[in-house]
Structures are given as structure tokens and as C-alpha cells.
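A quick write-up on the structure given underneath.
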Amino acid sequence: MFLSKWYCDCVTDAGAAFIGYWARLRVGPVTIPYAATLHKPVGQATAEQTRLLPTEAPAVKNGDLRWDCRRLGVRVAWNARARAIHRTLLECAHGSIIWHCHVPAGRARVDFRDAAPLEGLGYAEHLTMSLKPWELPFHEVRWGRFLSHADALIWIEWRGADSRHWVFHNGVEIPDAVIDPEGVQLPFDHGWLQLSGDAPVRDGPLLSTALRAFPAKRLWLSGRLEGAHETKWVARGRFTAGGRHSTGWAIHEVVRLR
């Protein structure tokens, strides 16, 4: 099994959120294309679109990112304002997980075919994985990103047999940070992110949310991931460091694989 997945987002100053996914899943000789969008207006339910048809992948040029997905009726542009971050998160006998954060922070614009455009701060990453989900050495993932005009904070945490975490503040890795449901605490008074006002973007069993469109039984996923669950939020964030603070928006999630 091999997965190549793009994740990209944008949140306006008012808190309206857009999330886009582009992926290719290969199981043996079969390759399945996937593209999806989540659009969460302020105070309204999330509108979701999914396609299992070939679409153009996001493309990086001179550090900026463009994604034109005609099948979903969206065109998105990210103008990066921070340098990309690359890490091999896992390398073992079964395979690897490689993370490329192409846009840790940037200005984003989303144009819809049938809705008003969104503009705000945005984020984009590309993940490749050659392990099966049931081979992963962890049972829970906590991920998030917070962006303001002064600060960019990214966190990834694995919980399980091989618990690990990564936290980056303005492009610098902070190894001893503490991640909890209410935010992220950086060590040595380097700062504290406090999250509030979580608004659910998507919540439910993984097979009926992110994997709903996939032919799960044919891919032997349904029995293996029957108990998997995801919850994704958009939240207000306040980052405090020393005598200064900045406010912005965070998107964060918890995925439990079993």
C-alpha cells in the first residue's frame, strides 16, 4: 500500500474555513484517485464534496502553491511567507512516513465555482506513507496548525507503542513542547498557545467521514478500521510569549485508529 496525500487549508479573519484534500492510494496494481473539499462558513454546517476521479494535483512553484480542481469547482492559491519544512517522521522495516510542509504559513485565496471567494491565512502539506494503517506503531494522532500575522505553530503527536511529537514555531523545531486539548506549551517560556471556541468541522467514524467514498471492503479496510474515529475543529487561538501576544485561527484534529 502506498499513499500520497496533500492537505491544504485557509481560514478567513472572521473564521470561515476551507480544507482541501488530494490523494492517490495504491493497493497492489490498483490506484485510486481522491479529491475532497470541506467548506465551513461561520456559524453554519460544513459542506463537503468528494470525487474518486483523476484531478490535477497541487503544484509548487517558487515556494508558492496552486491547486485548480475543476471537478470540485475550486481554485486555490497560497503565497508562502515562510520556508518549507521537511521531515522523515518514520522509517522502519514496513515502510516510511515522509512529511513535506510546503506552506507553513501564507496568504491564501479560494475561488469557488458557485460561492463567494475566501481569503485569509493558509497552510499546506504533502504526506507520503508506505505502511498499512494497521502497521502504524501508534493508535492516535493529534495534529494542528495555528496562524496569526506574527506566529505560525504546527504540531504533530503520535500516541501508542511508539509515541512521538514534533512542534515547530516560526520554522524552528521545539523538541520539549507539551501538547494538550487546550493548546501547546513551549518550554523555557518560549510561548503558549491557548485554543478556545472549538467549532467542529467534521466528526465521526473514519469509514463514514474521510474514507466514506473509498471502496473500503475491496481494500480490506472496513474490518481493520472499524473503530477508527476523527474529530476536526476550527478554533480561536491566542499565542503569548514574554510580553507580547498574537491572535489568529487554528485548525486541529484527533484521529483514533483503534
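Residues Ala84, Ala80: which one is over 17 Å from Ala57 (Cβ atoms), among the hydrophobic types (A, V, I, L, M, F, W, C) and without any contact (Cβ under 8 Å) to a residue 40 or more places away in the chain?
Unique residue meeting the criteria: Ala80.
Does region 49-65 contain at least one residue that is within 19 Å of Ala250 (Cα to Cα), modelled with pLDDT of 95 or more and buried (at least 16 other Cβ atoms within 10 Å of the Cβ)?
No: region 49-65 contains no residue that is within 19 Å of Ala250 (Cα to Cα), modelled with pLDDT of 95 or more and buried (at least 16 other Cβ atoms within 10 Å of the Cβ).
Residue by residue, here is whether (1) surrounded by fewer than 18 Cβ atoms within 10 Å (Cβ to Cβ); (2) touching a residue at least 12 places away in the same chain (Cβ under 8 Å); (3) closer than 17 Å to Trp99 by Cα; (4) not acidic (Asp, Glu) holds:
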{"site": "Phe112", "(1), (2), (3), (4)": "yes, yes, no, yes"}
{"site": "Ala124", "(1), (2), (3), (4)": "no, yes, yes, yes"}
{"site": "Leu127", "(1), (2), (3), (4)": "yes, yes, yes, yes"}
{"site": "Ile156", "(1), (2), (3), (4)": "no, yes, yes, yes"}
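Would you say Arg142 is modelled with pLDDT of 95 or more, surrounded by fewer than 20 Cβ atoms within 10 Å (Cβ to Cβ) and closer than 24 Å to Trp6 by Cβ?
For Arg142, the condition - modelled with pLDDT of 95 or more, surrounded by fewer than 20 Cβ atoms within 10 Å (Cβ to Cβ) and closer than 24 Å to Trp6 by Cβ - is met.
The values are calculated or read from the model by the stated rules, or taken from the named source; none is laboratory data. Remember, it's a predicted structure, so these values are computed and weren't measured experimentally. Methodologically, a virtual Cβ is constructed for each residue, glycine included, from the backbone with ideal geometry; neighbour enumeration extends over all protein chains shown.
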